[in-house]
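Notes follow once the structure below has been shown.
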Amino acid sequence: MIKLKCTTTNCQHNIKDHCNAGIIGISDKAVCSSRIKRAGGALEQTFAELEASEEFLSDAPNVVQCNACCIYQKNNRCTAASILVADHMLKTKCMTQIKPKHKK
Ligand code: SF4
Ligand code: SF4
């Protein structure tokens, strides 16, 4: 199981920094490809968070399928114990990515 914290301000899968998508995809650019923007935007997310009960926030097991160049990526799966996903420029990206050093 992987622990995933996501601080995006606008995704239908996100409640209070938790991701309830179950399986998410991270692209070769380390961008979350499972993000679905809420029709009402960040404001709608704020209301959803106000209504969410705490029990709903129990950590669901997450599978992260990942195509990024990263030391944690094995057979297109993320093997990191925990990852952080956050808004970055116009995309929502995995911030835990560590690119392997290229051999000389
Ligand atoms: S942006 Fe990605 S990691 Fe974040 S809540 Fe949405 S689907 Fe989950
Ligand atoms: S830590 Fe690495 S392998 Fe895991 S999701 Fe992020 S970029 Fe992909």
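Worth pointing out:
- List THR92, THR79, ordered by accessible area with a 1.4 Å probe, largest first: THR79, THR92
- Computed over neighbours whose Cβ is under 10 Å from that of ALA68, the net charge equals +2, Lys and Arg +1, Asp and Glu -1.
- The relative contact order of region 1-96, computed from alpha carbon pairs under 8 Å that lie at least 6 residues apart in sequence, is 38 percent.
- DSSP bridge pairs, the chain: antiparallel proportion in percent, nearest 5: 60 percent
- Accessible surface, per residue, of the chain when the full set of protein chains is kept, probe 1.4 Å, Å²: 67 Å²
- Remark: the chain carries a charge dipole of roughly 980 debye about the Cα centre, counting +1 on each Lys and Arg Cβ and -1 on each Asp and Glu Cβ.
- Per-atom-type breakdown for the chain gives carbon and sulfur 55% of the accessible area (1.4 Å probe, protein chains only).
- When nucleic acids and ligands are ignored and a 1.4 Å probe is applied, CYS94 ends up with an accessible area of around 20 Å².
- The chain shape via C-alpha gyration tensor axes, a/c threshold 1.5: prolate
- Ordered by 1.4 Å accessible area with all protein chains kept, GLU49, GLU44 run largest first as GLU44, GLU49.
- Once you reduce region 65-104 and region 20-39 to the center of their Cα atoms, the two points are 13 Å from each other.
- Long-range amide H partners of ILE2 with built H, under 5 Å: ASN62
- For THR8, residues with placed amide H under 5 Å, excluding near neighbours: ASP87
- Helix 41-51 and the longest principal axis of the C-alpha atoms of the chain enclose an angle of approximately 70°.
- Between THR7 and ILE98, the modelled label-to-label distance comes to 2.0 nm, taking each label 7 Å out from Cα in the direction of the beta carbon.
- HN-Hα J in Hz across region 85-92 - Karplus 6.51, -1.76, 1.60, θ = phi - 60°, x for Gly and Pro: 10, 8, 5, 8, 6, 9, 10, 10
The values are calculated or read from the model by the stated rules, or taken from the named source; none is laboratory data. Just so it is clear, the structure is predicted and the values come from calculations on it, not from any experiment. As a convention, Cβ positions derive from the backbone with ideal geometry for all residues, glycine included, and neighbour counts pool all protein chains shown. In case anyone asks, the SASA skips ligands and DNA or RNA and just uses the protein heavy atoms, side chains included. Shrake-Rupley method; radii C 1.70, N 1.55, O 1.52, S 1.80 Å.
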